[in-house]
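Written out below as structure tokens is the structure these notes cover.
No lab work stands behind these numbers, since they all come straight from the coordinates. Computed from a predicted model, the values in this text were never measured in an experiment. Heads up, the Cβs are rebuilt from the backbone with ideal geometry, glycines too, and the neighbour counts pull from every protein chain shown.
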Amino acid sequence: MPRELWKGNEAIAEASVRAGLDAYFGYPITPQTEILEYLSKRMPELGRAFVQAESELGAINMVYGAACAGVRVMSTSSSPGVSLMMEGLSYIQGTEVPAVLVNVMRGGPGLGNIAPSQADYNQAVHGGGHGDYHNIVLAPASVQEAIDLTVMSFDLAEKYRTICMVILDGSVGQMMEPAKMPEMRPMQRANWDWATDGRMGKRPRRILSSIYLDPIEEEKLNLRLLSRWKTIQRDEVRYKEYFLDDAEFVIVGFGTAGRVALSAVRQARAKGIKVGLLRPITVSPFPFEAIEQLVGRVSGFLVTEMNSGQMLEDVRLAVKGRVPVEFYGRMGGVVPFTEEILHEIERIASSKLSVDVDPREAWLERMAQAV
Amino acid sequence: MVATNANNLVYERPEGFTDTPTHYCPGCTHGVAHRLIAEVLEEMDLIDRTIGVAPVGCSVFAYNYFDTDFVEAPHGRAPAMATGIKRVLPDRIVFTYQGDGDLASIGMGEIVHAAARGENLTVIFINNANYGMTGGQMAPTTLPGMKTTSSPNGRDVETQGFPIRMAEMLSTLDGVGYCVRRSLHDPKNIRLAKKAIRTAFETQARGLGFSMVELLSTCPTNWGMTPVDSLKFVEQHMVPAFPLGDYKVAAGVAQIKI
């Protein structure tokens, strides 16, 4: 396939089609609406299911139904809509059926705005819906990566009978970049031994439910989910490393914040500053081990995010106070400029850091001075 | 003792049922409604290609009793789940079984839009005028003046609103092929209810759009009545408030001969 100019949202839509998307259910919300619009034309022309639902609640429960029927199914939304879907996510996880959900994040809380944000990290990575479960969460930083991770999300969801979320900020959804689409996969429905697709004269009935009325049975489910999650943590961590070989300190950033940080790292390298970048691709499972490996040989970390330091807590959990962790974030739909992060790199390179400084407090003080 | 054989057998478990005692209270009409569905599925030879969608409410465990595939929906979302299933498996028979709290309150959005889209589903709607499973709170269908655990002085329409007539409401939507209300309070009405359930599944089997049968039902436990008095209550108080009848029978459905 040649490289073509693709808009992020439309690229995700086409990539899902080529990955064998059998059914799509969605609801319009900026900045992800192009996915719904694209699939409203593309799915019917391929004879596949498309429904514009009455709400995000409707959409996620249609996803739930189709997932129980055993087909490749996806919904997409943006922050406020994803909040509405949290009920369905919890049920889907409790029922152990695979589904893909894309969140093109925008500024919040509440209606917030429609500008790029990473404020839903905690919702995606640390819960959102009720009950004890984990989502696999992938975080692309470019249109090409959005394509590749969308394709991968279906395989991961089915491999582990779980939800795989793709979270990207609105800028990746809205920007156009050259990217290569995968070949169209042949449509072939899996014959899952758990799907409620009708007995069809061949087998005993199947029930799919998230009810375990006996607490001991519910605990067994919790243990099963946890055991599966430990396998995912062991086998599915993905991240990208940049300039880490001789790095004296390391930036950790995902999605667009990681991409902007890479530009800053390149500029800093040109100035002779030995800084590297670790960009998690799976923010869940989080690359704890990769950070553990770095702790012994770097003097500190700088976490950059488009939120108030949500992934920061996971980095601190990995670092365990052994080396200083600094933070730089922009919020509310503000995307940091390369210069801002370069300025942070230069500040860190020229100052003595302490493990006793609270990174968020220190960042807020610097923000107050800047304003 | 006379041995049971094919000649003297007058009542048996339909094939559509599993061999499982139900959890329903004595005198509750859920068992009757379940049986009618199982009989219809058996008569239409649909058991092995039917997928049921259970609600949240007393019938949350409906999936234990039917010998069909079943899924269990979040509260009120059964029509959305059923939509997801039916859209990817259009040759299967998909039905939801929902109570009044599930369908007419928390699931109002899902039911109205499934009907408006003309989803080729069958909905069996149990109207017993209260939330049974949680202990008899006021439902959207609770009659004016009716005492419940959350309307202890009787439903005051000034502050608690009026009952919702779902069959009438949904019948205004063009996507609906068949929408009727029946009652389970006596044998004659039970027979009429079964015929309606059969027509609803025939509607779906022929692709004639959304079908719903609303069934006026009893809740002796939460109403604080004997089963017999509950049946009388349905006849004397619920039927006048929720008139029985055919609210929408599309032209194609009217031609179905049962």
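Key figures
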{"quantity": "Test: residue in the stretch A:6-20 that is closer than 25 Å to residue B:89 by Cα, assigned to a loop (DSSP other than H, G, I, E, B) and within 14 Å of another protein chain (Cβ to nearest Cβ)", "calculated": "yes"}
{"quantity": "Scan of the stretch A:150-175 for residues that are out of contact with any helix residue (DSSP H, G or I) (no Cβ under 7 Å at 6 or more places or on another chain) and crowded, with 24+ Cβ neighbours inside 10 Å, ordered by number", "calculated": "A:153, A:157, A:170"}
{"quantity": "Count of residues meeting criterion [β-branched (Val, Ile, Thr) and not in a helix (DSSP H, G or I)] in the stretch A:54-91", "calculated": "3"}
{"quantity": "Residue within the stretch B:88-106 that is part of a helix (DSSP H, G or I), free of Cβ contacts under 8 Å to residues at least 24 places away in the same chain and either within 14 Å of another protein chain (Cβ to nearest Cβ) or buried (at least 22 other Cβ atoms within 10 Å of the Cβ) (or both) present", "calculated": "yes"}
{"quantity": "The one condition in (1) more than 11 Å from chain B (Cβ to nearest Cβ); (2) not in a helix (DSSP H, G or I) that residue A:51 fails to fulfil", "calculated": "(1)"}
{"quantity": "Residue that is surrounded by the most Cβ atoms within 10 Å (Cβ to Cβ) [pool: residues in the stretch A:1-53 that are aromatic (Phe, Trp, Tyr) and touching a strand residue (DSSP E or B) at 6+ places or on another chain (Cβ under 8 Å)]", "calculated": "A:24"}
{"quantity": "Any helices (runs of 4 or more DSSP H) falling wholly within the stretch B:192-258 and containing at least 2 residues that are closer than 25 Å to residue B:142 by Cβ and of a type outside the set (D, E, K, R)", "calculated": "B:220-223, B:227-233"}
{"quantity": "Selected residue (criterion: farthest from the chain's Cα centre (by Cα)) from residues of the stretch A:21-35 that are within 14 Å of another protein chain (Cβ to nearest Cβ) and assigned to a loop (DSSP other than H, G, I, E, B)", "calculated": "A:22"}
{"quantity": "Enumeration of residues in the stretch B:51-82 that are part of a strand (DSSP E or B) and more than 7 Å from chain A (Cβ to nearest Cβ)", "calculated": "B:52, B:53, B:54, B:66"}
{"quantity": "Residues that are of a type in the set (Gly, Ala, Ser), within 19 Å of the chain's Cα centre (by Cα) and more than 8 Å from every other protein chain (Cβ to nearest Cβ), drawn from the stretch A:84-112", "calculated": "A:90, A:99, A:107, A:108"}
{"quantity": "Entirely in the stretch A:296-371, the helices (runs of 4 or more DSSP H) that have 1 or more residues that are touching a residue at least 60 places away in the same chain (Cβ under 8 Å) and either surrounded by fewer than 22 Cβ atoms within 10 Å (Cβ to Cβ) or not acidic (Asp, Glu) (or both)", "calculated": "A:311-319, A:338-349"}
{"quantity": "Positions within the stretch A:61-83 being more than 8 Å from chain B (Cβ to nearest Cβ) and either farther than 20 Å from residue B:73 by Cα or of a type outside the set (S, T, N, Q) (or both), in sequence order", "calculated": "A:70, A:72, A:74, A:76, A:77, A:78, A:79, A:80, A:81, A:82"}
{"quantity": "Search result, residues across the stretch B:172-181 that are surrounded by fewer than 24 Cβ atoms within 10 Å (Cβ to Cβ) and either under 16 Å from the mean Cα position of the chain (by Cα) or farther than 17 Å from residue B:104 by Cβ (or both)", "calculated": "B:174, B:175"}
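A quick yes/no check of all residues on (1) among the aliphatic types (A, V, I, L, M); (2) farther than 19 Å from residue A:75 by Cα; (3) part of a loop (DSSP other than H, G, I, E, B):
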| site | (1), (2), (3) |
| --- | --- |
| A:144 | no, yes, no |
| A:149 | yes, no, no |
| A:156 | yes, no, no |
| A:167 | yes, no, no |
| A:203 | no, yes, yes |
